[in-house]
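For reference, the structure is listed below as structure tokens.
The values are calculated or read from the model by the stated rules, or taken from the named source; none is laboratory data. Keep in mind that what you see is a predicted model, and the values were worked out from it rather than measured. Neighbour counts are summed over all protein chains in view; Cβ atoms, including those assigned to glycine, are modelled from backbone coordinates with ideal geometry.
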Amino acid sequence: MRGSGRELSALEIEDLAAGAWILGAGGGGNPYHALLNLRAETARGFRAEVIPAAALGDEDLVAVVSTMGAPLVGEERLPDPEVAARPVRILAERLGRDFAAVMSLEIGGANALQSFMVAARTGLPVVDADCMGRAFPEAQMTTFAIAGLRNYPFCLADIRDNVVIVERAASWQWQERLGRVAVTEVGSIAATAKAPRTGREIKDHAVLGSVSRAIRIGAARRRAKAAGSDPVAAVLASESGLRLFTGKVSDIARRTTRGFLRGKARISGLGPDRGASLELHFQNEFAAAFRDGRPVATTPEILCVVESATGEALGTEVIAYGQRVEVIALDVPFALKTPPALELVGPRAFGFDLDFRSLFPAS
Amino acid sequence: MTKSPPALRIGVDVGGTHTDSVLMAGRRVVREFKTATTADVTTGVVTALREAAHAAEGPVARVVIGTTHFTNAVLTGAGLSRVAALRIGLPASASLPPFCDWPQGLARRVRGPVMQVAGGHECDGRPIAPLDETGIARVGRSLRHEGIRDVAVSAVFSPLDGRGEARAAEILREEHPEARITESRELGRIGLLGRENAGLLNAALRPLAARVMRAFADAMETAGIRAPLLIARNDGTVARVPAAAAYPVLSLSSGPTNSMTGAAFLSGVSEAVVVDVGGTTTDIGYLRAGFPREAPREVVIGGVRTLFRMPDLLSIALGGGSLVTRNGGAVGPGSVGYRLIEKGRVFGGDILTATDCGVAAGWARIGDARRVAALSSAVTRRFARAVRERIEESVDRMKPDAAARSLLAVGGGAFLIPERTPGVSERVDVPHASVANAVGAAIARIGGETDRVFHGVGREEAFRRATEEAEAGAVAAGADPTALEVVEREDLPLAYLPGDARRVRVRVVG
């Protein structure tokens, strides 16, 4: 399988991290520590190879990887490529088959780099795809769950020699539940490999091209900054995104419940939006935007708050009074917008009694 | 009964270009003085001390010095020592060793032996692995052998359970009695790399801190002043010399802090946005109960990402010496800095600066206004709008919320601050504003602070223990145990951590 894709440069790894942070829609965890690991691996000669899903054989097996746990714990128990690779190796042993490639669960936030950390230690190529197209707070919010694919076996490994394999789980929700218990026991953070996928399943049901998309977004922002032009405009032009609102953060309320960061931020309009106000609701990620009380954008489309001056994406945990921001919206693949998909990732799945209305004409 | 005369105090602030001093009698500024900072530590300080002491009618009760030496050392890398790093936490966090996110240049100067051993804690308080005491003893012996004295110790989740770091320091001292050890939990909070980086910087600054403290003591002797010497810290408190020498990073940014606490003292306003306009930059901070608000997240110092107690400051490239270009539309980031008095137009130079435009706009009377009389009103209008927008946005960013707050105007370029700013209830011009930093040093009290996570104890018990620890810290820094007072206490439940975890912060002064 190696050799059918292309090698990423050190600069593209930086772009990937920046783009993944924007696709995180305010959540997904900051990729900083994962990026430090990849810089170190790159300095030791690692070159990541990214392959298109089309290069996979239908019967090839792909490992789907992520870090699972409490974000604050990740500030002390830092990500480690060796640990990231462990559940992949063990799952291959258990299946009695080698993986042909590795893929990240989500392209938004820190997990976007998980597949690359695994690649650094296993030599596997990384598939240019994920199964969220952004970041979502729960494991069943994936295109694989939407498609009703099998959710097991699931493998979890810690920093010692503890490994848990969930052989079967009655549903994606059960898999999440069983996984959480094990994660808590090993220190509230663990590396995971979700149910393995065949090449066919990836081609039919994954969000394709998402690694390239993150790199493209990061590069657009970097080039605009270097040229002294508007980084937000560059990101929007690159992704056919929409500028929803320009303003300053005038109020912020946060609360943490059952491991989720929930709350809302109010943005008071400036420039073209002077006199109007936008309210953003979040649950780890930004989920819905209301302009003067009227819904204007909701999940699953990506809502992102970026600092006007720098184009730097602001996480839901750091957004603060007085920041000058642009609220932008980026499209997601159609697979996330079908009626069965909306049951899992639409506004109602996040507690909003709203019908989803797309901001982007069907493409 | 006769009323005793108010105590005399001297405050000195050693800045990058100027050294300021004041003599205060109680709440009154008796004498203020400015001199150029000298390349050697002592000369400028001796001059500043002498000038202040000269006005004293009676014995000086104490001298407080605030200095920018440590900040400059980190920014330039000069004067930093080589540091050994010992991290406790294996098998966790192994792939990102100490110094992993330092800029290369600074790392080359500071990075000594880097070691990781087993130990540390989980977020729920269980040990990750038994502490590798044999390994730590071996580290101590090899450092003694190599003659490396400055050591920074960090442990995974040490703000939750500090026993690993404390035991490691004990073992290192047994094996290597000369070692100067910094323990990360005494400086920083949860966030391993940022806390560890603060410890590494502290360890790297300790030899310089010892030299600077000796130089200050010499300066006191040369100036003929016999009084206790205290050193300003960045939270608006002071510490006796031994504590200040052991924790130099707690004095980083003490200059802007002193400016803010001095402004609060001089104006009598304790809750406000402080805008300090210098020659090249403007520092904006926020005062709460008379003390600067602490930065909520990482602060990058000399390219090193740190997570410890630093004042929350926003610096923008706008000052009295800022270059004005694009017909008034652009102010800064370039600046003539301290050469304003030769380069600025009102001083006879030929460079258009913010001061020149301010004079043309009628905001200030400085130099020769006729030299800017030809400036068109379109230029001054554009200039005024550009300055107003920058200050307005920065003030907004430093306010905690939308409620109107006072604005304290400080610094030589304070005339650039608009009379009215949205969200500001009043603009207060601070008396003696040009030496607010030295005043802030002179009036500061000895402080102690605890900021750590408590696990599995109730809220009241956590507060009780935190207060005890903060008081012990204040006494260790030289405070009078009978005059301690809690000035701040807050807690923050950490919902992301399992169990009843809360971050508790208590500050006491004495």
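For region A:239-276, enumerate the residues that are modelled with pLDDT under 90, more than 30 Å from residue A:210 (Cβ to Cβ) and more than 9 Å from every other protein chain (Cβ to nearest Cβ).
Across region A:239-276, the qualifying residues are A:253, A:271.
Could you list, in sequence order, the residues of region B:319-337 that are buried (at least 16 other Cβ atoms within 10 Å of the Cβ) and under 18 Å from residue B:281 (Cβ atoms)?
B:319, B:320, B:321, B:322, B:323, B:324, B:331, B:332, B:334, B:335, B:336, B:337
Output the residue which, of all residues in region B:393-439 that are of a type in the set (A, V, I, L, M), farther than 26 Å from residue B:36 by Cβ and assigned to a loop (DSSP other than H, G, I, E, B), is farthest from the other protein chains (Cβ to nearest Cβ).
Ranking the candidates gives B:417 first.
What's the total number of residues in region A:204-231 that are of a type in the set (Lys, Arg) and under 19 Å from the mean Cα position of the chain (by Cα)?
Within region A:204-231, residues that are of a type in the set (Lys, Arg) and under 19 Å from the mean Cα position of the chain (by Cα) number 3.
With the requirement that a residue be within 14 Å of another protein chain (Cβ to nearest Cβ) and either loosely packed, with under 15 Cβ neighbours inside 10 Å or out of contact with any strand residue (DSSP E or B) (no Cβ under 7 Å at 6 or more places or on another chain) (or both), what does region B:143-175 give you?
Hits for region B:143-175 are B:158, B:162.
Could you tell me how many of the residues in region A:25-51 are touching a strand residue (DSSP E or B) at 6+ places or on another chain (Cβ under 7 Å), at negative phi and in contact (Cβ under 8 Å) with a residue 60 or more places away in the chain?
Residues in region A:25-51 being touching a strand residue (DSSP E or B) at 6+ places or on another chain (Cβ under 7 Å), at negative phi and in contact (Cβ under 8 Å) with a residue 60 or more places away in the chain: 5 in total.
Scanning region B:348-383 for residues that are in a helix (DSSP H, G or I), surrounded by 19 or more Cβ atoms within 10 Å (Cβ to Cβ) and not β-branched (Val, Ile, Thr), which turns out nearest to the chain's Cα centre (by Cα)?
Only one residue fits best here, namely B:354.
Just to be sure, is residue A:334 touching a His at 6+ places or on another chain (Cβ under 9 Å) and farther than 28 Å from residue B:296 by Cβ?
Judged against the criteria, residue A:334 is not a match.
Output yes when any residue across region A:283-299 is closer than 26 Å to residue A:225 by Cβ and within 14 Å of chain B (Cβ to nearest Cβ), and no when none is.
no
Restricting the search to region B:47-68, which residues are buried (at least 19 other Cβ atoms within 10 Å of the Cβ), in contact with a Leu (Cβ under 9 Å, 6 or more places away or on another chain) and part of a helix (DSSP H, G or I)?
B:51, B:52, B:53
Name the residue that is surrounded by the most Cβ atoms within 10 Å (Cβ to Cβ), counting only residues in region A:55-98 that are within 9 Å of chain B (Cβ to nearest Cβ), in a helix (DSSP H, G or I) and modelled with pLDDT under 95.
My answer is A:75.
Filter region B:105-142 down to residues that are within 11 Å of chain A (Cβ to nearest Cβ) and under 25 Å from residue B:177 (Cα atoms) and give me whichever is surrounded by the most Cβ atoms within 10 Å (Cβ to Cβ).
Checking each candidate, the answer is B:120.
Of all residues being free of Cβ contacts under 8 Å to residues at least 12 places away in the same chain and farther than 17 Å from residue B:210 by Cβ in region B:77-104, which is nearest to the other protein chains (Cβ to nearest Cβ)? Just the residue, please.
B:95
Could you give me the residue pairs with C-beta distances under 8 Å whose first residue belongs to region B:13-24 and is part of a loop (DSSP other than H, G, I, E, B), whose second residue is modelled with pLDDT of 90 or more and of a type in the set (Gly, Ala, Ser) wherever it lies, and which are 6+ apart or on separate chains?
From region B:13-24, the pairs are B:15/B:255.
Of the numbered conditions (1) crowded, with 24+ Cβ neighbours inside 10 Å; (2) without any contact (Cβ under 8 Å) to a residue 12 or more places away in the chain; (3) not charged (D, E, K, R), residue B:274 fails exactly one; give the number of that condition.
For residue B:274, the exception is condition (2).
Report, by residue number, each residue of region A:5-43 that is more than 13 Å from residue A:116 (Cα to Cα) and part of a loop (DSSP other than H, G, I, E, B).
Answer for region A:5-43, where residues must be more than 13 Å from residue A:116 (Cα to Cα) and part of a loop (DSSP other than H, G, I, E, B): A:5, A:24, A:25, A:26, A:27, A:28, A:29, A:30.
Looking at (1) touching a strand residue (DSSP E or B) at 6+ places or on another chain (Cβ under 8 Å); (2) more than 14 Å from chain B (Cβ to nearest Cβ); (3) farther than 19 Å from residue A:136 by Cβ; (4) charged (D, E, K, R), which is the one condition that is false for residue A:355?
(1)
Report yes if residue B:456 is surrounded by fewer than 19 Cβ atoms within 10 Å (Cβ to Cβ), touching a strand residue (DSSP E or B) at 6+ places or on another chain (Cβ under 9 Å) and farther than 30 Å from residue B:33 by Cβ, otherwise no.
Spelling it out, residue B:456 is indeed surrounded by fewer than 19 Cβ atoms within 10 Å (Cβ to Cβ), touching a strand residue (DSSP E or B) at 6+ places or on another chain (Cβ under 9 Å) and farther than 30 Å from residue B:33 by Cβ.
Is it the case that some residue within region B:314-335 is within 14 Å of chain A (Cβ to nearest Cβ) and closer than 30 Å to residue B:451 by Cα?
Within region B:314-335, one or more residues are within 14 Å of chain A (Cβ to nearest Cβ) and closer than 30 Å to residue B:451 by Cα.
Taking region A:259-275, which residues are of a type in the set (A, V, I, L, M, F, W, C) and assigned to a strand (DSSP E or B)?
Result: A:260, A:261, A:265, A:267.
Could you go through region A:109-129 and let me know if any residue there is assigned to a helix (DSSP H, G or I), away from chain B (no Cβ under 14 Å), at pLDDT 95 or above and under 29 Å from residue B:127 (Cα atoms).
Checked region A:109-129: at least one residue is assigned to a helix (DSSP H, G or I), away from chain B (no Cβ under 14 Å), at pLDDT 95 or above and under 29 Å from residue B:127 (Cα atoms).
Would you say residue A:24 is away from every other protein chain (no Cβ under 14 Å) and under 27 Å from residue B:190 (Cβ atoms)?
It is true that residue A:24 is away from every other protein chain (no Cβ under 14 Å) and under 27 Å from residue B:190 (Cβ atoms).
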